[in-house]
Amino acid sequence: MTPRKKQQQKPPTAVLLVFAALGIWFVFSQPPAPQPPLPDRPSGPDLYTVFSSVGNTTQAHADAVAFGVLCESLAAMIEYDGTRGEEARLTTGIQLDDLRRWSREYYMRGDSFGVRYPQLPEVVGGFLEAQIGESSGGLVDDTMRARWVNAHRALAQQSLWAANRLAGR
Amino acid sequence: MMSKRRKTELGSLVILLFIGLVVYRFMLFPAQPKAHVPLPPITEPQPIEAFQGWVPDEEGTERFLQELGDRAQLLQANPGLVVRDGEPVYLYRALYRAYDTHRPGQKWIVGRQGIGDCVGWGFAHAADIHLAVMFQLGDTAEWHPVATESIYGGSRVEARGRTTAGYMDGSYGAAAAKWLINWGAVFQQPYASPNGIIDLTAYSASRAKDWGNYGNGGRDDKGWLDTVAKKHPIKDVSQVRTFQEAAAAIQSGYPVAVCSNQGFSRTRDGQGFARPSGSWAHCMAFIGVRFDRPGLLCLNSWGPKWIGGPKHPDDMPEGSFWVDAAVATAMLGRGDSFAVSGYQGFPFRIIDHSKWVSVQEEQFYALAP
């Protein structure tokens, strides 16, 4: 074979580089795989609107997660206390209210959700009052305890859903 | 040989010399007052049985009963009370639960009087346990232990219309009962008085001694702590005179402060009973009833270790013992024992479901006005 024919059989290096660049561009230019759709907002108060009312999405996401975790913890503690029978410590509405007040204070290191999200107390208060009813602070029976648990668990679900949406999912 | 005259002279001289020597001795060395020799320190503590303090006043008790009128006798005031035979009731369990909310994780242990203020202790135990029962039933939002010094001082001064009562220890049941219903309970907590902080968190024998003379609040109180006491009066007290009456009261949640002269052994028998022994002019509290061997559970105020032996049930308070029904009736028959019922306690506040998410500036608790 003549040297000229040898040259014609081997593609030029520049062409290979161009094809490589085109390939890389093609791979990375593809749109990302579609995310699974966000589940419908669970029934309950619209906490997404509350938490998204501030401009700082990152802070709002963190607060929504914190509030959701707090509410779920409260629900779990109240529920567990009910399994203690005669040894239950949380037997009045006053004690339950104190538990959540202290939990919020310690979990948030004294910080206040209501300061950053002025709508939150009213939205949360209205929902809980509708679910639990106006409480005299007196004795809590099993039915009332279940209402407290379910209501705070619903708040947790709402808040965590809002956090997911704020994260851009 | 000496003449008679000479002998007389010599004898006179000797006598004069003797007298002179005596005078000389006592003039130069007058009798010195004996140096004060301090008493040896008390190396042995007073026996616990020395701390009693019931000083009956039959006239005072009778006057108080007349003031009570129709409410004086338990069953007369509460005709619906009947003994439910066979049903033991242990009121101390309500106290345990209430104390756990007051001091989470800590077990209630009976205190120990430091002077003869047993009447303050017996009625404080009764008030504490009754409020604990109310707390368990949801009739009060809070539970706090009562300051014994307040009852003791109030029973000696205010309840008797005195300004001072001296430093001899003791009081009587009707006076303490009168203090509790006409004034009320002061609790083991700090109070911000016009004269500074009065911290009643821990019992103080010296404070009890001082208030025993000057009344509730002490010398410079000028009635301030009396006003505080009136926020939480006991609603009713009734004289209890028999085991049956006491059993009915206890089964309804009303402890009985018992004043008597009956003493007991320091060892419980196999069923938790203490044998009558000796004489104690003393006030304690009946806080339980049983019918397998009919008796009342008696809580003393000498700490947890003054008595030993088997317990029934296992969780009965250290420092308590069972008293046979007949003995209990004899104790109650002295006529100065009272059941405590009703308490101006701590009303529940309405819960605001919106407030817990924010920091609150105002004080969260509101006691009864």
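The residues on offer are A:Arg165, A:Arg84, and the sole one that is more than 7 Å from chain B (Cβ to nearest Cβ), open to solvent by 10 Å² or more (accessible area, probe 1.4 Å) and closer than 28 Å to A:Val54 by Cα is A:Arg165.
Would you pick out the residues in the stretch A:87-137 that are in contact with a strand residue (DSSP E or B) (Cβ under 7 Å, 6 or more places away or on another chain) and open to solvent by less than 10 Å² (accessible area, probe 1.4 Å)?
Passing the criteria: A:Thr92, A:Gly137.
Just one of the listed residues (A:Ala162, A:Ala154) is in contact (Cβ under 8 Å) with a residue 40 or more places away in the chain, within 14 Å of A:Ala75 (Cα to Cα) and within 22 Å of the chain's Cα centre (by Cα), and it is A:Ala154.
Which of the residues belonging to the stretch A:112-144 are among the charged types (D, E, K, R) and within 8 Å of chain B (Cβ to nearest Cβ)?
Correct list: A:Glu122, A:Glu129, A:Glu134.
Quickly run through the stretch B:259-292 and pick out the residues that are of a type outside the set (Phe, Trp, Tyr), closer than 13 Å to B:Gly122 by Cα and open to solvent by less than 10 Å² (accessible area, probe 1.4 Å). Listed by number, the residues that qualify are B:Cys259, B:Ser260, B:His282, B:Cys283, B:Met284, B:Ala285, B:Ile287. May I ask you to list the residues in the stretch B:280-293 that are of a type in the set (A, V, I, L, M, F, W, C) and either in contact with a Leu (Cβ under 8 Å, 6 or more places away or on another chain) or outside any strand (DSSP E or B) (or both)? Those that are of a type in the set (A, V, I, L, M, F, W, C) and either in contact with a Leu (Cβ under 8 Å, 6 or more places away or on another chain) or outside any strand (DSSP E or B) (or both): B:Met284, B:Ala285, B:Phe286, B:Ile287, B:Val289, B:Phe291.
Among all positions in the stretch B:262-279, there is at least one residue which is assigned to a strand (DSSP E or B), of a type in the set (S, T, N, Q) and under 26 Å from B:Leu65 (Cβ atoms). Limited to the stretch B:180-237, what total is found for residues that are out of contact with any Leu (no Cβ under 8 Å at 6 or more places or on another chain), open to solvent by less than 50 Å² (accessible area, probe 1.4 Å) and of a type in the set (Ser, Thr, Tyr)? Result for the stretch B:180-237: 1.
Across the stretch B:294-304, which residue is most open to solvent (accessible area, probe 1.4 Å) among those that are touching a Lys or Arg at 6+ places or on another chain (Cβ under 9 Å) and either in a strand (DSSP E or B) or farther than 21 Å from B:Phe338 by Cβ (or both)? The selected residue is B:Pro304.
Residue by residue, here is whether (1) at pLDDT below 95; (2) within 14 Å of another protein chain (Cβ to nearest Cβ); (3) surrounded by fewer than 18 Cβ atoms within 10 Å (Cβ to Cβ) holds:
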{"position": "A:Gln35", "(1), (2), (3)": "yes, no, yes"}
{"position": "A:Val50", "(1), (2), (3)": "yes, yes, no"}
{"position": "A:Gln59", "(1), (2), (3)": "yes, no, yes"}
{"position": "A:Ser73", "(1), (2), (3)": "no, yes, yes"}
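Return yes or no: is B:Arg334 touching a Pro at 6+ places or on another chain (Cβ under 8 Å), touching a residue at least 24 places away in the same chain (Cβ under 8 Å) and in a loop (DSSP other than H, G, I, E, B)? Break it down stepwise before answering.
Details: touching a Pro at 6+ places or on another chain (Cβ under 8 Å): yes; touching a residue at least 24 places away in the same chain (Cβ under 8 Å): yes; in a loop (DSSP other than H, G, I, E, B): yes.
Against the criterion (touching a Pro at 6+ places or on another chain (Cβ under 8 Å), touching a residue at least 24 places away in the same chain (Cβ under 8 Å) and in a loop (DSSP other than H, G, I, E, B)), B:Arg334 qualifies.
B:Val256 fulfils the conditions (1) open to solvent by 20 Å² or more (accessible area, probe 1.4 Å); (2) touching a helix residue (DSSP H, G or I) at 6+ places or on another chain (Cβ under 6 Å); (3) hydrophobic (A, V, I, L, M, F, W, C) except for a single criterion, (1).
Looking at the stretch A:19-33, which of its residues are at pLDDT 75 or above and either hydrophobic (A, V, I, L, M, F, W, C) or open to solvent by 90 Å² or more (accessible area, probe 1.4 Å) (or both)? Spell out the reasoning first.
Filtering the stretch A:19-33 down to residues at pLDDT 75 or above leaves A:19-25.
A:Phe19, A:Ala20, A:Ala21, A:Leu22, A:Ile24, A:Trp25, listed by residue number.
A quick yes/no check of all residues on (1) at pLDDT below 95; (2) aromatic (Phe, Trp, Tyr); (3) over 18 Å from B:Ser155 (Cβ atoms):
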site	(1), (2), (3)
B:Tyr214	no, yes, no
B:Gly218	yes, no, no
B:Gly223	yes, no, no
B:Ala229	no, no, no
B:Ile234	yes, no, no
B:Arg241	no, no, yes
B:Gln244	yes, no, yes
B:Ala248	yes, no, yes
B:Gln251	yes, no, yes
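The values are calculated or read from the model by the stated rules, or taken from the named source; none is laboratory data. Quick caveat: nothing in here was measured; it's all calculated off a predicted structure. Counting neighbours? That spans all protein chains shown, and the Cβs are built from the backbone with ideal geometry, glycine included. Ligands, DNA and RNA are stripped out before the accessible areas are found, and what is left, the full protein with its side chains, is counted by its heavy atoms. Shrake-Rupley method; radii C 1.70, N 1.55, O 1.52, S 1.80 Å.
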